[in-house]
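Down below is the structure, laid out as structure tokens.
Where a number appears in this text, it was derived from the coordinates with a stated rule and is not lab data. Please read all numbers here as calculations on a predicted model, not as lab measurements. FYI the Cβ positions are ideal-geometry reconstructions off the backbone, even for glycines, and counts take in every protein chain you see.
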Amino acid sequence: LKHVIESQQFNQASLNTIFEVARQMEDVRPGTPESRALDGAVMSTLFYEPSTRTRLSFEAAMARLGGTVLSTESAGEFSSAAKGETLEDTIRTVEGYADCIVLRHFQAGSAKKAASAASVPILNAGDGPGQHPTQALIDVYTIQREIGRLENFTVGLVGDLANGRTVRSLAYVLSMYENVKMYFVAPDVVRMKDDIKEYLTGVGVQWEEVDDLSAVAAEVDVLYQTRIQKERFQDRPDDYELAKGRYIVDAKLMALMKQKSVVMHPLPRVDEISPEVDSDPRAGYFRQAKNGLFAGQGGQGVLIRSGAAPGGDLGASRF
Ligand code: CP
């Protein structure tokens, strides 16, 4: 696995390896030899769409392991993409400066396109409504930490399932585990796309579309809420009006949920989780965001453990 493009690339063995290293990374302290493990390595974060968590957690992971980050404010605006440079030409240039490239782009398929031009690993940090496989790593790591298992549980995926790249990547990864039942709870205009539903059916995953979130709240172990992505509705603002505000997680909904359950959200949120929920111990979304640091370090830790030097691949033998 040289590039990380889509979450179907992972399997349980590769996930276990990453999560084992991620757990170890939680104990890395400044000033220790482990904190210099990526001394001399250079990572570029090339972001054509806004980000807080993904970009900063990757950059923090690199900084905390002694590596260096090359970046530009908003690649679409401040890199030479603004002058018309193609993505491929940018990649061919940046690979001369960095050992790996973390890419966020507004077009589905752009990570694959970048990988086809790259000689260093491309890590897909979100490609439009396509996939967000590194977020899926964080999410599955968080589920394991929060409810103590990755098998035999029920998850409700809620919100903008048509545009949500995190839910697409997460559905693929969760399908690798035994007996994970999925509820899809979405406004009509942003229902889960058929390719995911067909894939899940093909691999024997039980899934169901439901309209009423409160009807399944008592059953789910993981409630995964997402934002209605206004930026994807520029050519159909009426549909955005139909979708927004339809499903809100508030104290009333939390009262229906199991005591041992977790509310997750890839963030950012707008209004789909009320702030009153933040103080509930089951509100796991900021812990989830923090886990991005360890999952990022975990992936980079696999690089170290595999013996791959900076400039090499991301530990192909370990995936
Ligand atoms: N979860 C996530 O992708 O957040 P950012 O857009 O802030 O990176």
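Values computed for the structure shown
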quantity	calculated
The chain: angle of helix 165-174 to the longest principal axis, Cα-based, in degrees nearest 10	80 degrees
Packing-based exposure ordering (other Cβ within 10 Å, fewest first) of 32, 54	32, 54
Extreme residue, positive dipole direction of the chain, given options 98, 248, 37 (C-beta unit charges)	37
Kirkwood-based Rg to Rh ratio, region 193-244, C-alpha trace	1.05
Calculated [θ] (222 nm, deg cm²/dmol) that DSSP helices of n ≥ 4 give over the chain, each run adding -39,500 (n - 2.57)	-10500 deg cm²/dmol
Charge dipole (debye, nearest 20) of region 64-213; +1 at Cβ of Lys and Arg, -1 at Cβ of Asp and Glu	360 debye
Prolate/oblate/rounded call for region 189-279, Cα gyration tensor, a/c under 1.5 rounded	oblate
Ranked list, fewest to most other Cβ atoms within 10 Å of each Cβ, for 258, 244, 252	252, 258, 244
J(HN,Hα) series, region 80-87, from Karplus relation 6.51 cos²θ - 1.76 cosθ + 1.60, nearest Hz, glycine and proline x	6, 4, 5, 9, x, 5, 6, 4
Tensor-based shape of region 1-85 (alpha-carbon gyration tensor, a/c under 1.5 rounded, otherwise prolate or oblate)	oblate
Spread of Cα-to-Cα distances over 5 Å intervals beginning at zero, given as percent, for region 87-160	3, 15, 20, 18, 13, 11, 10, 7, 3, 0
Cα gyration tensor, region 1-43 - rounded (a/c under 1.5), prolate or oblate	oblate
Acute angle (nearest 10 degrees) that the helix 53-64 long axis makes with the longest principal axis of the chain, alpha-carbon atoms	40 degrees
Volume in Å³ per residue [convex hull over Cα atoms, computed for the chain]	128 Å³
Per-residue Cβ neighbour rank within 10 angstrom, fewest leading, 23, 53	23, 53
Net dipole in debye of the chain [+1 Lys, Arg Cβ; -1 Asp, Glu Cβ; about Cα centre; nearest 20]	720 debye
Which listed pairs, of 193/252; 2/260; 197/230, have C-alpha distances above 31 Å, in listed order	2/260
